[in-house]
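Asker: One structure is given below, represented as structure tokens, and several questions about it will come after.
The values are calculated or read from the model by the stated rules, or taken from the named source; none is laboratory data. What you are looking at is a predicted structure, and each value in this text was computed from that prediction instead of being measured. In this analysis, Cβ positions are derived from the backbone assuming ideal geometry, glycine residues included, and neighbour counts consider all displayed protein chains. Surface accessibility is based on the protein's heavy atoms, side chains included, excluding ligands, DNA and RNA. Shrake-Rupley method; radii C 1.70, N 1.55, O 1.52, S 1.80 Å.
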Amino acid sequence: MEVTRILVVFDPTTDKQPALARAHEFAREEGCEVLLFSCIHSELPKSDARETEVERLVAAQKDIVEAATAPLVADGLKVTVEVEWKKDWYQAVVDASARYSVDAVFKASHRHSATQRLFKKTSDWTLIRQCECAVLLVKSQREDSRRRVLVAVDLRRGKDTYEEINKSIFEFCKHYSSISSPEIHFLNAYKDLPSRPDRGSMIRACGVESEFVHIKMGEPGKVIVESANELDVDLVVIGNSARTGLAATVNNNTAELVLDHLQCDLLVIP
């Protein structure tokens, strides 16, 4: 998965921008273009001056966002800024990611309760399910580079969906290893003995030494979080299959289940 253009969600409600910090770090390594996107909205009274006031607020926000790009520009990175006036900023990010054909979206993530994620459409929920590109959910303001990675795979035989997701994940790992020197661990969680993957086959598929391959029984979400904590990783990579209709509303996928329990960044690859 080669990344040439990323969209960074700029949060207008805070001075801390961990997603931008992570994008700066990544863009320095990758040499990719950065689109810094901010969406704002407020209830304004209907009047002849309303359109003028919207333009003023958008311009003021654009000045703030452009000021935040100074460190990236100083490093010679190509940066574009867009500020949009829209109430549904979740959807605005999804639409912008498609409009600019970005390879990844970077966004800060904050903890939500299980009830909030189940019954309320959070921004993370929207991006994971609707973006057609990879989504990096940033959990901290760390300044150091990601150097230890946990990659969740599912090597069950005869599952075309998993094979496609695994292919995308392996492509990412290969490219990421070529631009950095991460310590990559692969994890396959399984629920029962009949679904346990063959260790030798998994080692060959992942292309790493045995010590970097982990096969554990249990619910995938719980196993991923426990393994991430045990290995003290900086990043968890997980695949995501599209889900629509009632299933999309009720059945949270693994990426959403682990998000609030991880202490590190989460990269979701479609």
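Asker: When you check Ser177 against the structure, is it open to solvent by 30 Å² or more (accessible area, probe 1.4 Å) and either in a loop (DSSP other than H, G, I, E, B) or modelled with pLDDT of 90 or more (or both), yes or no?
Answerer: Spelling it out, it is not the case that Ser177 is open to solvent by 30 Å² or more (accessible area, probe 1.4 Å) and either in a loop (DSSP other than H, G, I, E, B) or modelled with pLDDT of 90 or more (or both).
A quick yes/no check of all residues on (1) at pLDDT 95 or above; (2) under 15 Å from Trp85 (Cβ atoms); (3) open to solvent by 70 Å² or more (accessible area, probe 1.4 Å); (4) not hydrophobic (A, V, I, L, M, F, W, C):
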{"site": "Val9", "(1), (2), (3), (4)": "yes, no, no, no"}
{"site": "Ala23", "(1), (2), (3), (4)": "no, no, no, no"}
{"site": "Glu30", "(1), (2), (3), (4)": "no, no, no, yes"}
{"site": "Gln61", "(1), (2), (3), (4)": "yes, yes, no, yes"}
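Asker: Examine region 183-205 for a residue that is under 27 Å from Arg22 (Cβ atoms), crowded, with 16+ Cβ neighbours inside 10 Å and at pLDDT below 90, and state whether such a residue exists.
Answerer: no
Asker: Somewhere in region 23-41, is a residue polar (S, T, N, Q), over 18 Å from the mean Cα position of the chain (by Cα) and not in a helix (DSSP H, G or I)?
Answerer: No, every residue in region 23-41 fails to be polar (S, T, N, Q), over 18 Å from the mean Cα position of the chain (by Cα) and not in a helix (DSSP H, G or I).
Here's the yes/no breakdown for (1) among the acidic types (Asp, Glu); (2) touching a strand residue (DSSP E or B) at 6+ places or on another chain (Cβ under 9 Å):
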site	(1), (2)
Ala19	no, yes
Glu25	yes, no
Arg28	no, no
Val34	no, yes
Glu43	yes, no
Ala67	no, no
Lys78	no, yes
Glu84	yes, yes
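Yes or no, residue by residue, for (1) surrounded by fewer than 17 Cβ atoms within 10 Å (Cβ to Cβ); (2) touching a Pro at 6+ places or on another chain (Cβ under 6 Å); (3) at pLDDT 85 or above:
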residue	(1), (2), (3)
Asp88	yes, no, yes
Val94	no, no, yes
Ser113	yes, no, no
Asp144	yes, no, no
Arg147	yes, yes, no
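Asker: While we're on this one: Within region 32-44, count every residue that is open to solvent by less than 20 Å² (accessible area, probe 1.4 Å) and among the polar types (S, T, N, Q).
Answerer: Qualifying residue count for the region: 1.
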